[in-house]
Structures are given as structure tokens and as C-alpha cells.
1. With each pseudo-label sitting 7 Å past Cα toward Cβ, what's the Thr38-Asp76 distance in nm, one decimal?
2. Test of understanding: express the Cα radius of gyration of the stretch 14-95 as a ratio to 2.2 N^0.38 Å, with N the residue count.
3. Taking only Cα atoms, what is the 0 to 90° angle, nearest 10, from helix 16-27's long axis to the longest principal axis of the chain?
4. Which value in deg cm²/dmol, rounded to the nearest 500, describes the helix-derived mean residue ellipticity at 222 nm for the chain, given -39,500 (n - 2.57) per DSSP H run of n ≥ 4 and division by the residue count?
5. For helix 41-53, report the angle its Cα long axis makes with the longest principal axis of the Cα atoms of the chain; keep it between 0 and 90° and round to the nearest 10°.
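Every number here is computed from the coordinates shown, using simple stated rules; none is lab data. Small disclaimer: the values here were computed from a predicted structure and weren't measured. All Cβ positions, even for glycine, are placed from backbone atoms using ideal geometry, and neighbour counts span all protein chains on display.
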Amino acid sequence: MTGTRHRETTTMSLSDTQRVILSAAAQHEIGLATAPKTLPAAARNAVFRSLIKNNLLTEINAPREHVGLGWRQDEDGAWIVARITDEGLRAIGID
């Protein structure tokens with residue numbers, strides 16, 4: 001039997017929208033994710049939550065120069081951005 005790598009979080013099949021978001025994040029100077037402009041807010045929130053749950057994105061406080069990329073606000077009103085993780089990079093074929 002061949003060894004199975006422990007990669008459950010990256011074996012999820014990605015939707016086209018998830019792949020677009022991760023690919024754009026991979027190209028961003030500090031790896032921040034943005035949703036396509038045509039994606040409705042509810043769909044964006046669902047996609048971001050799924051990517052975060054599967055450890056393909058992680059949430060961080062928005063750097064001042066990137067507040068406009070915030071996808072949600074925390075309980076104190078601070079903007080939160082999503083940044084691609086190493087697992088997210090691997091999910092789109094970048095090592």
C-alpha cells in the first residue's frame with residue numbers, strides 16, 4: 001500500500017469561483033484574497049467561509065493600506081482580510 005499524505009484540507013474540489021479567488025490571492029503582493037466584482041455579497045461570504053474553514057484562506061487584521069480589501073468587520077469594527085495559506089497555494093498547484 002502506498003503512503004497516504006495527510007492532506008484532507010486540500011483534497012476538496014474547488015469551484016471555479018474558489019479557484020479564481022485563490023489564484024488572484026496568489027498573485028497579490030501579500031496574498032490577500034478578493035472576490036470577483038460580479039459575485040453577490042452572500043455568495044462571496046459563503047465562498048470565503050468555506051475557504052477559511054478548509055484552511056485555504058486565513059483571516060488577519062487588514063493592514064492600513066489594504067483596508068479596502070476587507071471582506072468583513074470584527075465585533076470592534078476593524079476590517080478583516082483573508083490571506084491565502086500554503087495549503088491554498090498547493091490547492092491551485094503552487095508549491
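1. 3.9 nm
2. Numbers: Rg = 11.8 Å, N = 82, 2.2 N^0.38 = 11.7 Å.
Against the compact-globule rule of thumb, the ratio is 1.00.
3. With rounding to tens, the tilt is 80 degrees.
4. Numbers: 3 runs with 31 residues, N = 95.
Taking each H run of at least 4 residues, the total per residue is -9500 deg cm²/dmol.
5. The answer is roughly 50 degrees.
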